[in-house]
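The block underneath contains the structure these notes are about, expressed in structure tokens.
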Amino acid sequence: MADPQLKPVDRDQLPADLQELYDTGVERTGDATIVGVMGHNPDVTRWYFNEFYANLFYNGHAWAKVDVRTKELLRLKLSKQHGCQFCNRFNSVEARQAGITDKHIDAIFDSDAEIWDDKDRAVMALADEMLLQNMEGQLSADLVAQLKKFYSEADIIELGMIAAVLTGVAKWIFTFDMVNREETCPIGVSKPALERELKNA
């Protein structure tokens, strides 16, 4: 159970644009603790959702070139292995809208499944190297060759930066205890948070 030390800002105390984000979080995941906590700094929150997501992830900037389905697959592969419940519920909705089916989602941990093509497998391989729990991740010559069949060097940089931000944010939201963890989460609940959880049980 999410139990942040920075207590969430009440929904009605958030600026109107963040109230909308809060409501979307509740609608899609059943919980918007993360939006409430981020609400302590609306400008940083807006940067993340407007600049990173709207302009880089969803290609609002003309220089953002990689197709959104690829980015959704990269994000979903990362979040399914990071184990953020909020992220997985939210990302699954967005992934479906980009053309990733439930069959794809069910096979997310099996890159050899027939449903994946070589382009998807290349992106999933990159996600595996960028994982929070992969301390030996490397962009090898083989992986570059795999990716370059479908993406330019600029595209690979774009994908790497997106994966880096998503992975860093995963570490942040777990450390700040803003989201519920799934079994795949590599970051355990801190001792103080666990003690609070047991006390409130």
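Scanning region 154-168 for residues that are charged (D, E, K, R) and loosely packed, with under 15 Cβ neighbours inside 10 Å turns up nothing. One residue is enough: does region 37-48 have a residue meeting the conditions in contact with a helix residue (DSSP H, G or I) (Cβ under 8 Å, 6 or more places away or on another chain) and of a type in the set (S, T, N, Q)? Yes, region 37-48 has at least one match.
Which residue is farthest from residue 181 (Cα to Cα), if the candidates are limited to region 102-147 and must be of a type in the set (Val, Ile, Thr) and in a loop (DSSP other than H, G, I, E, B)?
Only one residue tops the list, namely 115.
Collect the residues in region 73-101 that are outside any helix (DSSP H, G or I), over 9 Å from the mean Cα position of the chain (by Cα) and either under 20 Å from residue 159 (Cβ atoms) or not polar (S, T, N, Q) (or both), keeping them in residue-number order. Step through it out loud before you land on a result.
Pass one, region 73-101, residues outside any helix (DSSP H, G or I): 83-84, 98-101.
Next, from what is left, pick out any that are over 9 Å from the mean Cα position of the chain (by Cα): 83, 98-101.
Within region 73-101, 83, 98, 99, 100 qualify.
Enumerate the pairs (first residue in region 121-135 and under 17 Å from residue 172 (Cα atoms); second residue anywhere and surrounded by 17 or more Cβ atoms within 10 Å (Cβ to Cβ) and hydroxyl-bearing (Ser, Thr, Tyr)) with beta-carbon separation below 7 Å, excluding pairs fewer than 6 apart on the same chain, so at least 6 apart or on different chains. If the second residue must be surrounded by 17 or more Cβ atoms within 10 Å (Cβ to Cβ) and hydroxyl-bearing (Ser, Thr, Tyr), the pairs left are 130/167; 132/167.
Please specify each residue of region 99-114 satisfying the condition of being open to solvent by less than 60 Å² (accessible area, probe 1.4 Å) and either in contact with a helix residue (DSSP H, G or I) (Cβ under 7 Å, 6 or more places away or on another chain) or among the hydrophobic types (A, V, I, L, M, F, W, C) (or both). Selection gives 99, 100, 105, 107, 108, 111, 113.
The values are calculated or read from the model by the stated rules, or taken from the named source; none is laboratory data. Because the structure is predicted, anything quoted here is derived from the model rather than measured. Cβ sites come from the backbone with ideal geometry, for glycine too, and all protein chains shown count toward neighbours. Protein only, heavy atoms only, side chains kept; ligands, DNA and RNA dropped before computing areas. Shrake-Rupley method; radii C 1.70, N 1.55, O 1.52, S 1.80 Å.
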